[in-house]
Every structure is written in structure tokens, then in C-alpha cells.
Amino acid sequence: MVKNSFISVISQKENTETRGSVEFQVFTFTTKIRRLTSHLELHKKDSSSQRGLRKILGKRQRLLAYLSKKNRVRYKELIGELDIREKKTH
């Protein structure tokens, strides 16, 4: 598995932030999602992992929705750091 540069950036923040913060939870879900996605590329018929991936995606989606309602600035910063959402081109 390939470690991305954002992992080291947010891992350094882990020492200062609490592990219960929304940002940290979204970060951990994102790393799990990327790990499961690479696993499913090799094992396409692994339905247990597919189900787990869908559950984690739903949890992350709910946390991001909560964060976007509560603090739009932190939401946009987090999306930018993790490179989650596609950029809209109009």
C-alpha cells in the first residue's frame, strides 16, 4: 500500500488534536476507505469487504454532512487536505 503525503501531515496533527474530533474521524475513515478500495481491486468478489466499505462510506458521509452544517470553513479545509471531493468545473 502506498502512503500518501496527507497521512503524514494529519498524523502530526494527531498529537495536538483529540482523536474524537470530526476531522480526525474523517481522516481515519478515509484511510480505511483507500485501503479497502485497493484490497477490492485485487479481490473483486469479497462481499464482506464491500459491505464494510459501504458502511464506512456512509459514516464518513454523515460526518462530513454534520461538519458542513456546523462549520463550513473547517469542512472546506478538510476536503482540500484529504482531496475527497471532485473539483467542479463550470
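Listed values, structure above:
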item	result
Scaled radius of gyration (Cα, divided by 2.2 N^0.38 Å) that segment 20-81 gives	1.24
Å² per residue, accessible surface of segment 20-81 at 1.4 Å	67
Accessible carbon and sulfur surface of segment 17-69 relative to its total accessible area, %, 1.4 Å	53
With DNA, RNA and ligands ignored, accessible area of ILE79 (1.4 Å probe; Å², nearest 10)	20
Net length gained if the chain between LEU63 and SER49 were fully extended (0.36 nm per residue, minus Cα distance)	2.9 nm
Area accessible to solvent at TYR66, 1.4 Å probe radius, in Å²	120
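The values are calculated or read from the model by the stated rules, or taken from the named source; none is laboratory data. Predicted, not measured: the structure shown is a model, and the values here were computed from it. Accessible surface is based on the protein model in full, side chains and every heavy atom, while ligands, DNA and RNA are left aside. Shrake-Rupley method; radii C 1.70, N 1.55, O 1.52, S 1.80 Å.
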